[in-house]
Amino acid sequence: MSNDRFTPEPLAQPVPTIRKKTFWAWTVATFFDAGYGKPGPGTWGSVAALLLWAAESMAAHPTARTLFIGLLISIALAITFGIPAATIVERQSGRTDPGFVVIDEVIGQWIALLGSPADWRHGLIALVLFRLFDITKPFPVRRLERLPGGWGIVFDDVAAGLYALGVASLLRIWI
C-alpha cells in the first residue's frame, strides 16, 4: 500500500473566502439595494433619491420650508450613517469606492434638490445637473475622492451636489 491514497487531491478551484456582511452597513450603503441596479448604479441611486423626494412631496404636500427642513434632516442622517456604512462596505468588499455603494449619490442628489419646487421639471433639472457634476467631477470634486474610506466616497458627491444646487438655483431665477 502506498501513502498516496491517503493524500487528499488538490482542489480544482480555490475555496472563496466568505466575508461577513454587516447588514445595516450594506443596506445603507446600497440604499436598500438600489446600488445593484444595472447599468449605472450611481444613476439608480440618484433616481431612487429623486423618487423618494417626489413621493414625499406628493403624499404629504409639505410647504417649501417643511420640504427644505425635511431634506436637510435626511441629508444629515444619510451623512451620519453613510460615511461609516461606506467605509465598512468598502473594507468588506475588498474594493475601493465600489460602484454599488450609492448612499453618496443619494446624499448628493438630495443636496441638489434643496430649495427646488416640488414638481417634475425642477426634479429632472436637479437630477441631470447632479449626474453631470458627479460624472465630470470638476475641481475640487475629484480631489475629495482621495479622502480615506467613506469620507472620500461621500464627500466628492456632496461637492457635486453643491455644484448642482448652485446651478439649479441660478436656473430657477431664469425659468
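Here are some notes:
- Straight Cα distances below 22 angstrom link residue 137 to the lysines 38, with same-chain residues fewer than 8 positions distant left out.
- Estimated FRET transfer efficiency when R0 is 25 angstrom, pair residue 128-residue 55 (beta carbons, to 0.05): 0.80
- Relative protection proxy for 139-148, 153-162, from highest mean packing down: 153-162, 139-148 (other beta-carbon atoms within 10 angstrom).
- The spread of Cα positions in the range 3-174, taken along each principal axis and listed from longest to shortest, comes to 85, 37, 27 Å.
- Ellipticity estimate at 222 nm from DSSP helix runs (n ≥ 4, -39,500 (n - 2.57)) divided over the chain, nearest 500: -22000 deg cm²/dmol
- In this simple spin-label model, placing a label point 7 Å from the Cα along the Cα-to-Cβ direction at both residue 136 and residue 95 gives a separation of 2.7 nm.
- Fraction of C-alpha pairs exceeding 15 angstrom in the range 20-115: 59 percent, rounded to a whole number.
- As a length-normalised measure over Cα pairs under 8 Å and 6 or more apart, the relative contact order of the chain settles at 26 percent.
- Residues residue 173 and residue 146, FRET efficiency given R0 of 30 Å [Cβ-Cβ distance, rounded to 0.05]: 0.30
- As a rough guide to protection, the peptides 64-73, 32-41 ranked by mean Cβ packing within 10 Å, highest first, stand as 32-41, 64-73.
No value in this document is a laboratory result; all are computed from the given coordinates. Everything quoted here is computed from the prediction, not taken from an experiment. Positions of Cβ are generated from backbone atoms using ideal geometry, with glycine treated the same way; all protein chains shown enter the neighbour counts.
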